[in-house]
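Working notes for the structure below.
The values are calculated or read from the model by the stated rules, or taken from the named source; none is laboratory data. On a predicted model such as this, the values are computed, not experimentally measured, just so you know. Neighbour counts are summed over all protein chains in view; Cβ atoms, including those assigned to glycine, are modelled from backbone coordinates with ideal geometry. Calculation scope for accessible area: heavy atoms of the full protein, side chains included, ligands and nucleic acids excluded. Shrake-Rupley method; radii C 1.70, N 1.55, O 1.52, S 1.80 Å.
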Amino acid sequence: MGLHLSFNQKPMLLLVLIHSLFTLTRSQSTTCRTSCGDIPIEYPFGIDDGCGSPYYRYILVCSDSGKLEVRTPSGRYPVHNVSYADPHILVTDPFMWNCEDGENYRPTRPFSLDTSTRFKLSPQNEYLFFNCSEDHVIVKPKPIFCERFPEHCDSSCDSGSYLCRHMPGCSFAMSGSSCCSYSPRATESLRLMLKYCTSYTSVYWRNVGAPQPYDQIPEYGIRIDFDIPVTTRCLQCQDPSKGGGTCGFDTETQSFMCLCKEGNFTSNCKDYDAARHSKRVNVIAGTATAVSAAGAFGIGAGIWYLKKVRAKAPVTCGVQSNENRLF
């Protein structure tokens, strides 16, 4: 069944279509949360879709209880801290061994990272494995120079590790079990090691700013280093003199967007006035064009009507067919 419109309705229809098109091109302002619990959320991260860098989209999650978590192929893990000055996040794995477990080993799983992201395991991590099968794992003490030049040493699990003898918070917890230290170059190595070891835990060396050799202390956790992609457009967007926007991206195209109070723009928040002026000029021009087109259509319709033989011809203008449909 066709849609019949009167002559007087056509200009109004064109105006509505023009208004709709301009409305679709206007971006809605996106609110980006700046913290989850007591952990600040800054670029390149975001916990709201469209905020931060698309390289880290869907990586961080703020739970309903206000706890920040990181998504990895092996699961979701609580985030203990995020540092932007020394870019890294500190993750805790509740499946790993801890001092309270003693020699009661719980089922565990290896921690893994998605290699397509800009995350990587920090070289400041050290992994302690317990009760490994020496038929499958080389367990032996390493020479002292291996601590400074690990590339010149084999990939054995160091049974003479300092951490095995001085475990943070529980130095004597593993007195009856074997312990060795291993620093994998990839998370896949953790999975392979756990096939032949009862359990494991991760210790990272935290920088405390003291003079060497006391500039680092061991703490439980997994340190994950990340890159901060810096672009000229993001720096301009964040510039206070240009409106102080938030760097984000289009959720459909993943192209850069500057998120501002007035809306989203492709450069910076100061473009709001220019964009608003441009849209107003375009709307006026579009309206004038629509009225002119309507007037021309009216003249043509009048000539068509006078040439008709029958006095009462059916109204067919505005019928939507395959030849004249808009969409």
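Things to note:
- Cβ-derived FRET efficiency at R0 41 Å, S116 paired with H166, nearest 0.05: 0.65
- Approximating the spin labels as points 7 Å out from Cα along Cα→Cβ, the H80-to-Q212 distance works out to 2.5 nm.
- Sequence-distant residues sharing a close amide H with S267 (under 5 Å, placed H): C258
- Taking amide H atoms as placed 1.01 Å from N in the peptide plane, the amide H of I47 lies under 5 Å from those of R33, each 5 or more residues away in sequence or on another chain.
- Vicinal HN-Hα couplings computed from phi for the range 216-223 (Karplus, 6.51 cos²θ - 1.76 cosθ + 1.60; Hz; Gly/Pro x): 9, 10, x, 9, 6, x, 10, 8
- Taking a straight Cα-Cα cut-off under 16 Å and skipping sequence neighbours fewer than 8 places away in the same chain, the aspartates and glutamates within cross-link reach of K142 are E126, E134, E151, D154, D158.
- Förster radius 41 Å - calculated FRET efficiency between S63 and S133 (Cβ-Cβ, nearest 0.05): 0.60
- Here each label is just a point 7 Å from Cα along the line to Cβ, and for N98 and L235 those points are 4.3 nm apart.
- Share of carbon and sulfur in the accessible area of the range 176-238 stands at 51%, probe radius 1.4 Å.
- Gain in span if fully extended, K261 to S177, counting 0.36 nm per residue against the direct Cα distance: 24.3 nm
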